[in-house]
Amino acid sequence: MSRTVMSASPGEVTRLLIAMQDGQPDAEARLLTLVYDELRRLAAGYMRRERPDHTLQATALVHEAYLKLAGQTVTWQSRAHFFGVAAQIMRRILVDHARACHAEKRGSGQAKVSLDNALLLSTAESGELLDLDNALTRLAEIDAHLARVVELRYFAGMSVSETAEVMGCSTRTVNRDWRAAQAWLRREMCPPA
């Protein structure tokens with residue numbers, strides 16, 4: 001993933017996040033202006049992985065995610081932390097949307113899909129997103145750190161260094177954990193026949 005998710009001025013974003021926490025009335029509006037394009041790119045990346053006839057649009061995803069972000073009672077640490085939480089919220093919104101669309105199909109004996117197929121969500125059905133989300137939930141129960149690395153690297157499209165910044169660890173650790181998480185998800189989603 002060569003694109004960089006976080007291009008807004010790190011100092012300014014962090015300053016506005018702190019100002020927003022301190023209750024400064026105009027901080028939220030200035031923050032939205034500063035991060036909107038990046039949130040839009042993040043949402044567009046998510047939507048490219050969704051099926052072509054998806055009823056949720058990238059703009060609606062950004063707006064819904066931002067409303068949830070603004071309502072967070074998080075002690076914002078940095079710009080990277082903000083975009084990490086934004087990615088997590090967008091993933092939750094899409095998973096909730098997929099669950100709602102597939103509520104009537106629950107328990108219909110859907111086949112398991114491979115991780116490689118689930119990671120190519122541009123041609124995937126929402127059910128595959130749910131399968132991947134379920135596998136990530138199981139991974140989080142075993143190792144929350146590995147699940148978070150997958151979320152940031154794959155879903156948020158963050159680079160190894162950006163992921164390391166959000167996670168507060170080294171790039172070497174992120175690379176190792178990324179490989180371990182991928183291997184675990186492949187085994188989980190593609191059990192031996």
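Overview of values
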| read-out | value |
| --- | --- |
| Flag if Ala140 is of a type outside the set (Val, Ile, Thr), in contact (Cβ under 8 Å) with a residue 40 or more places away in the chain and surrounded by 15 or more Cβ atoms within 10 Å (Cβ to Cβ) | no |
| Residue match in the stretch 81-101 (condition: over 22 Å from Leu132 (Cα atoms) and modelled with pLDDT of 80 or more) | yes |
| First in the stretch 39-55 and surrounded by fewer than 14 Cβ atoms within 10 Å (Cβ to Cβ) and modelled with pLDDT of 70 or more, second anywhere and in a loop (DSSP other than H, G, I, E, B) and not acidic (Asp, Glu), Cβ under 7 Å, 6 or more apart | Arg48/Ser122 |
| Residue selected from the stretch 148-184 under the condition modelled with pLDDT of 85 or more and closer than 17 Å to Arg91 by Cα, by the criterion surrounded by the fewest Cβ atoms within 10 Å (Cβ to Cβ) | Arg148 |
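The values are calculated or read from the model by the stated rules, or taken from the named source; none is laboratory data. What you are looking at is a predicted structure, and each value in this text was computed from that prediction instead of being measured. Neighbour counts run over all protein chains shown; Cβ positions are idealised from the backbone, glycine included.
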